[in-house]
1. Are any of the residues in region 10-31 at positive phi and touching a strand residue (DSSP E or B) at 6+ places or on another chain (Cβ under 9 Å)?
2. Tell me the residue from Ala78, Ala26, Ala52 that is in contact with a Lys or Arg (Cβ under 6 Å, 6 or more places away or on another chain) and outside any helix (DSSP H, G or I), please.
3. Among residues belonging to region 104-133 that are assigned to a loop (DSSP other than H, G, I, E, B) and surrounded by 16 or more Cβ atoms within 10 Å (Cβ to Cβ), point out the one that is modelled with the highest pLDDT.
4. Does region 92-99 contain at least one residue that is exposed (fewer than 15 other Cβ atoms within 10 Å of the Cβ) and in a strand (DSSP E or B)?
5. Of all the residues that make up region 58-72, how many are surrounded by 12 or more Cβ atoms within 10 Å (Cβ to Cβ), at pLDDT 80 or above and closer than 16 Å to Tyr12 by Cα?
Amino acid sequence: MIDDVIARWHRYMAGELPGGLDDLLADDVVFYSPVVYTPQRGKEITTRYLEAATLTLSGDAAAGTFRYTKEVLGGDTAVLEFETSVAGKYVNGVDIVRCDDAGRIVEFRVMMRPLQAIQVVHEEMGRRLAGPEVVSRSAFE
C-alpha cells in the first residue's frame, strides 16, 4: 500500500495529482513540523502546511530544485530523504510518511538539517502561513 501512496505523493509534488492532497490525506492526518512543537491535526491544517512547504522547499532557481535522493519503504511507512536550497542555504531532510489500509496518509513527519536551513525554512514557512485563517503566528516564534 505504501508504494502506491508514495507514487501519488510524487505525482502531487510534480503538480500532476488531480484533486491535490484531498484524496491523499486522511481526515484525521497528523502533521509533525520540524519547527512547531505541537502536532497539527486534521486534513485542512495539514494541507496548508504541506502546500506551504512545497512552495518553500521548491528551491532556489540558481541552485537547483527540490529532489528526493533516497527512499525506504516498508509496511505502512516510507522515509524519503530530500535535498534543496532555500535562500542560498543547503537543506537536507526526511519526510516520514505513514498510511492507513485505505491508502491515505495518516501521519506526515518532517525532519531537517542543518540549523541554518531550519532557521531559513522556519522564517519562510511563517510568512507563507501568516494568513488570518491559519494558526496564530506565535506558533512559529
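1. Quick first cut of region 10-31, residues at positive phi only: 15, 19-20.
Among the residues that remain, those that are also touching a strand residue (DSSP E or B) at 6+ places or on another chain (Cβ under 9 Å) are: none.
Looking for residues that are at positive phi and touching a strand residue (DSSP E or B) at 6+ places or on another chain (Cβ under 9 Å), one finds none in region 10-31, hence no.
2. Numbers: Ala78 fails: in contact with a Lys or Arg (Cβ under 6 Å, 6 or more places away or on another chain); Ala52 fails: outside any helix (DSSP H, G or I).
From the options Ala78, Ala26, Ala52, the qualifying one is Ala26.
3. Residues of region 104-133 that are assigned to a loop (DSSP other than H, G, I, E, B), as a first pass: 104, 114, 129-133.
Remaining after also requiring surrounded by 16 or more Cβ atoms within 10 Å (Cβ to Cβ): 104, 129.
Numbers: Arg104: 97, Leu129: 83.
Once the filter is applied, the top-ranked residue is Arg104.
4. First, the residues of region 92-99 that are exposed (fewer than 15 other Cβ atoms within 10 Å of the Cβ): 92.
With the extra rule that they be in a strand (DSSP E or B), the set shrinks to 92.
There is at least one residue in region 92-99 that is exposed (fewer than 15 other Cβ atoms within 10 Å of the Cβ) and in a strand (DSSP E or B).
5. 3
Residues are listed down the side, and each one gets a yes or a no for (1) out of contact with any Pro (no Cβ under 7 Å at 6 or more places or on another chain); (2) within 22 Å of His122 (Cα to Cα); (3) not hydrophobic (A, V, I, L, M, F, W, C):
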residue	(1), (2), (3)
Val5	yes, no, no
Met13	yes, yes, no
Pro18	yes, no, yes
Ser33	yes, yes, yes
Tyr49	yes, yes, yes
Ala78	yes, no, no
Arg98	yes, no, yes
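The values are calculated or read from the model by the stated rules, or taken from the named source; none is laboratory data. This one's a predicted model, so the numbers in the text were calculated from it and none came from an experiment. Using ideal geometry, Cβ is built from the backbone for each residue, glycine included, and neighbour counts are taken over all protein chains shown.
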